[in-house]
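Read through the structure below, which is laid out as structure tokens, and then see the notes.
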Amino acid sequence: MKHLLSLKVKIALSLVLLSFSTLCIAQKSSILTFKNELSREKKDELIILKRAFLEKKLGKIPTSKYVVFTSETKQPILAQYDDMNADGKWDEIVLLQSFLPKQTKRFKISIADRPVAIKAVVRANVRHRRKNADDTFGDILVKDAVKGTQPATDFSKQPLPPFLTEGPAWENDKVGFRIYFDTRNAKDIWGKTTTQMVLDEVGVNPAINYHNQADWGMDVLKVGKSLGAGALALTFKNASGKDTLVRLGDNNFEEVQYEKIANGPIRVVFKLKYKNWKVAKNLAPVQIEDEISIWGGQYFYESKVSLKNAPQGAILTTGIVNLHSKKSYELASNKTLGLFTYDQQSENHDNLGMAILVPKSNLVSFGQTPNQGAAILNTYIVNLKLVNGKASFRFYAGWEKSEAFFKTKDGFETFLKHEME
């Protein structure tokens, strides 16, 4: 993975940004050509084609029309059409394709009245549901807003939280994640042993404890006062010039707004917009947006963070909980840097690997929080440079029950090195 989040792709006649630099794309007539440049197989590569690029190829595409894809053997290709800005027309088309070593695929593209009719297997899902007065949960929400003062649920006093599994949850056919919609604002991991989408229903019945392994998997992470699985914080100098680390949480923002942008069958995209984050009394509030995506076949989610009014010189900080890991490890490739842990650190008392991969150009440093006496504890941290107020990373989770090669540290490390190619 040469460029982690804004990845350069070679094209014969023009230039387009796609998800992976291991794919090349050349255009000729109505044919798009994709090539795996690696000498090993690449599974479930996400290809993102923007409307503007396709219009350069095909001419103006009417709002009500679609672009469809056909293989060299005249088989229709599954595509997902995503309206990223809620203007009523799709802005991006995404494909999910696997490639043999050095394989080239050529797809014919054309404008059509409707998408091709393919019975799709759903490989990505996001849901957010509020609890009703009768202790059932309502419909899946597209939008919602929650005050920053929302307290964490005391399960000794009530069996169910106000939101299913305490907040939005997202998954693919490999792994799942969730965020607590309360003052903790932490991120957590669902270890999965099924390819089915299950998180619409997990947690509905309080008699079934999702901290215990079930046939679908379980909640595998204890978060505590850490940043868990990639929660956000800000590092900046306070009024006395001392470096200060402040969590996005602990009752310091006014409101978080949830909005689902795209939901399967190939990928999920949703946004969390935090209003008026008070990082210090003497500073103007910060506005922050966390755009999270996940797609089929992967063991990570991707986070694209944008900040407005951040203090001068501020650094975005994220991290990995280290409550049950003995040490962290660093990885490097030409364009990507990584921090990972591997230990018997799951809630099931078995092996779990976690990692954060970032573009080399964005990394400031790796570090570690104290284990006591601070607001954020037990965390290996990753400090990211804000470029025009933006930073991005991918958070990985590899549970040994999900995949055989996650049973050892070497297996998890080798997997990460392949991800960094």
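No lab work stands behind these numbers, since they all come straight from the coordinates. No experiment lies behind these values; they were computed from the predicted model shown. Positions of Cβ are generated from backbone atoms using ideal geometry, with glycine treated the same way; all protein chains shown enter the neighbour counts.
Pull up all non-local amide H partners of THR379: gap of 5 or more, or a different chain, and H-to-H distance under 5 Å with H placed in the peptide plane.
ASN322, THR369
HN-Hα J couplings of segment 343-349 from phi, Karplus 6.51/-1.76/1.60, θ = phi - 60°, integer Hz, Gly and Pro as x?
5, 7, 10, 7, 5, 8, 6
Which three semi-axes in whole Å describe the equivalent ellipsoid of segment 361-419, each the square root of 5 times a Cα gyration tensor eigenvalue, listed largest first?
Each semi-axis is √(5λ); the values are 27, 19, 9 Å.
Quick check on segment 150-272: what does the Kirkwood estimate of hydrodynamic radius come out to from the alpha carbon pairs, in Å?
16.0
So what are the ³J(HN,Hα) numbers for segment 142-150, from phi and the Karplus equation (6.51, -1.76, 1.60; θ = phi - 60°), rounded to whole Hz, Gly and Pro as x?
8, 9, 6, 9, 10, 5, x, 8, 4
Could you derive backbone 3J(HN,Hα) for segment 82-95 from the dihedral phi with the Karplus parameters 6.51, -1.76 and 1.60 (θ = phi - 60°), listing whole Hz in sequence and x where the residue is Gly or Pro?
10, 8, 7, 10, 6, 9, x, 9, 5, 10, 9, 10, 10, 10
In whole percent, what relative contact order does the chain give with Cα contacts below 8 Å and a gap of six or more residues?
That works out to 13 percent.
Please get the size of the charge dipole for the chain, origin at its Cα centre, with Cβ charges of +1 on Lys and Arg and -1 on Asp and Glu, quoted in debye to the nearest 20.
I would put it at about 1600 debye.
I'd like the Kirkwood hydrodynamic radius of segment 133-172, using the inverse of the mean 1/r over distinct C-alpha pairs, in Å.
Its Kirkwood hydrodynamic radius stands at 12.0 Å.
Take the alpha-carbon positions of the chain, form their convex hull, and give its projected area averaged over all directions (one quarter of the hull surface) in nm².
Mean shadow area of the hull around the Cα atoms is 21.2 nm².
Whose amide H sits under 5 Å from the amide H of ILE261, counting only residues 5 or more places off or on another chain, with H placed in the peptide plane?
For ILE261, the qualifying residues are VAL269, PHE270, LYS271.
Which of the listed residues, THR33, ASN263, GLN213, is farthest toward the dipole's positive end in the chain, when Lys, Arg count +1 and Asp, Glu count -1 at the beta-carbon?
Farthest towards the positive pole: THR33.
Can you tell me the dipole magnitude for segment 241-295 around its Cα centre, using point charges on the Cβ only (Lys, Arg +1; Asp, Glu -1), in Debye to the nearest 20?
The dipole of segment 241-295 has a size of about 40 debye.
Taking N as the number of residues in segment 207-353, what is its alpha-carbon radius of gyration divided by 2.2 N^0.38 Å?
1.20
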